[in-house]
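**Q** For reference, the structure I am asking about is given below.
The values are calculated or read from the model by the stated rules, or taken from the named source; none is laboratory data. All values reported here derive from a predicted model rather than from experimental measurement. Note that we place each Cβ from the backbone using ideal geometry, even for glycine, and neighbour counts take in every protein chain shown. Remember, those area values only see protein heavy atoms, side chains included, never the ligands or the DNA or RNA. Shrake-Rupley method; radii C 1.70, N 1.55, O 1.52, S 1.80 Å.
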Amino acid sequence: MIPPYPPGHDLLSGKVVVVTAAAGTGIGSAVAKRCLEEGAQVVISDWHERRLKEKAAELGEVHAIACDVTQEEQVQALIDGAAAHYGRVDVLINNAGLGGTKSVLEMTDDEWSRVLDITLTGTFRCTRAALKQFVAQGGGGAIVNNASVIGWRAQAGQAHYAAAKAGVMALTRCSALDAAEHHVRINAVAPSLAMHPFLAKVTSDELLEDLTKREAFGRAAEPWEVANVMVFLASDYASYLTGEVISVSSQHP
């Protein structure tokens, strides 16, 4: 049973939030929508410019900036552009990531490197740029990273993605200590199975059935259910929470 979609309560009122990889149908667009509903001013980004424009039109009052997180100059332009448009940046949601299924026996260096570059190094690039902006503003702010339970558990064909997501978890913990002196909080969520049209398109029915059976509620999460946890971590309700990875499932080790 899926619970009803909850109303907003202005948890992010007055905050400027930047969301990466927000033009799809999954967690990124869901968290952008939830941030709007919670009173934030929102900047959405994505490498796919057409989909980004369409998502901006769908969401309404957002500012859109195209960004490929593998390109340092584009990452910097995203943070600079957000600050120029709204006057500051208060929250970064690092959602960009790339998956895929390939055995280690068949995986090429390029396939390994691309998943790591987008999912882990992209998160690092965005985190670094946002932290510099937060410090320039006088400190304060929050970063929420999208990790995955696959960073904790094993799954065949997912060595590159699991390594990247485990790296996001480690990056979250370590960067949180670097950022603490500047009163910046850095946390992550670790979703398990969050169902959306693209995932259904690229995943076999057999695998989806197997993954669903692992879930305590016997169903996949809705993307907005993961987004709700990200909103909490971005909000002042999480003012003393940093360096943590919150499992949005029952699959914490």
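**Q** Given the chain, what percent of its DSSP beta bridges are antiparallel, to the nearest 5? Don't skip to the end; give the middle numbers.
**A** Details: 0 of 27 bridges.
Once the DSSP bridges in the chain are tallied, antiparallel ones form about 0 percent.
**Q** Related question: As a check on your grasp of the helix formula, calculate [θ] at 222 nm for the chain: sum -39500 (n - 2.57) over DSSP H runs of n ≥ 4, divide by the residue count, round to the nearest 500. Don't jump to the answer; show the numbers that get you there.
**A** Numbers: 9 runs with 109 residues, N = 253.
The per-residue figure over the chain is -13500 deg cm²/dmol.
**Q** Could you state the number of Å between the C-alpha centres of the range 40-114 and the range 1-18?
**A** Each part reduced to its Cα centre gives a spacing of 21 Å.
**Q** Place a point 7 Å from the Cα of LEU105 along the Cα-to-Cβ direction; which residues of the range 152-179 have their backbone N under 13 Å from it?
**A** 157
**Q** Stretch ASP205-ALA84 to full length: gain in nm at 0.36 nm per residue minus the Cα-Cα span?
**A** Here the answer is 39.0 nm.
**Q** Points 7 angstrom from Cα along the Cβ direction at ASP236 and MET1: gap in nanometres?
**A** Distance between the two pseudo-spin positions: 3.6 nm.
**Q** If each residue of separation counts as 0.36 nm, what is the full-extension length gain between LYS132 and GLU49 once their alpha-carbon separation is subtracted?
**A** Once the chain is fully extended between LYS132 and GLU49, it gains 27.3 nm.
**Q** Next question, about the same structure. Straight-line reach from LYS15: which lysines have a Cα under 24 Å away, not including same-chain ones fewer than 8 places off?
**A** Within the straight-line limit of under 24 Å, LYS15 reaches these lysines: LYS33, LYS53, LYS55, LYS132.
**Q** With springs connecting C-alpha atoms under 10 Å apart, model the chain as a Gaussian network and identify which of GLY140, GLY100, GLY60 has the largest mean-square fluctuation.
**A** Highest fluctuation among the options: GLY60.
**Q** OK, next. When a/c reaches 1.5 or more, the comparison of a/b and b/c decides; with that in mind, is the range 34-87 rounded, prolate or oblate per its Cα gyration tensor?
**A** Oblate shape, in that a/c is at least 1.5 and b/c is the bigger or equal ratio.
**Q** Using packing as a proxy for protection, rank 165-176, 105-116 so that the peptide with the highest average count of other Cβ atoms within 10 Å comes first.
**A** Numbers: 165-176: 19.4, 105-116: 12.5.
Result, highest mean Cβ count within 10 Å first: 165-176, 105-116.
**Q** Under 1.5 on a/c is rounded, so check that first for the range 116-185, then, if it is not, pick prolate when a/b is larger than b/c and oblate when it is not; a ≥ b ≥ c are the square roots of the alpha carbon gyration tensor eigenvalues. Kindly include the intermediate steps, with their values, before the conclusion.
**A** Working: a/c = 3.70, a/b = 2.38, b/c = 1.55.
In terms of gyration-tensor shape, prolate.
**Q** What angle, in degrees between 0 and 90 and rounded to the nearest 10, separates the Cα long axis of helix 159-180 from the longest principal axis of the Cα atoms of the chain?
**A** 30 degrees
**Q** May I ask for the net charge around LEU177, where only other residues with Cβ less than 13 Å from the Cβ of LEU177 are counted and Lys, Arg are +1 while Asp, Glu are -1?
**A** Here the charged neighbours net out to -1.
**Q** SER13 to THR25: extension gain in nm, 0.36 nm per residue of separation minus the Cα-Cα distance?
**A** Contour length minus the Cα-Cα distance gives 1.9 nm.
**Q** Provide the packing ranking of 37-45, 79-87, i.e. peptides ordered by the mean count of other C-beta atoms within 10 Å per residue, highest first.
**A** Numbers: 37-45: 25.0, 79-87: 17.2.
Packing order, densest peptide first, comes out as 37-45, 79-87.
**Q** Which of the lysines could a cross-linker bridge to LYS102, judged by Cα under 29 Å and excluding same-chain residues fewer than eight apart?
**A** LYS165, LYS201, LYS213
**Q** Let me ask something else about it. May I ask you to derive the FRET efficiency for GLU215 and GLN71 from their Cβ-Cβ distance with R0 = 41 Å, giving the value to the nearest 0.05?
**A** That gives a FRET efficiency of 0.70.
**Q** Oh, and also: If you roll a 1.4 Å probe over the range 1-98 with all protein chains in place, what percent of the accessible area is carbon or sulfur?
**A** Result for the range 1-98: 52 percent of the exposed heavy-atom area is carbon or sulfur.
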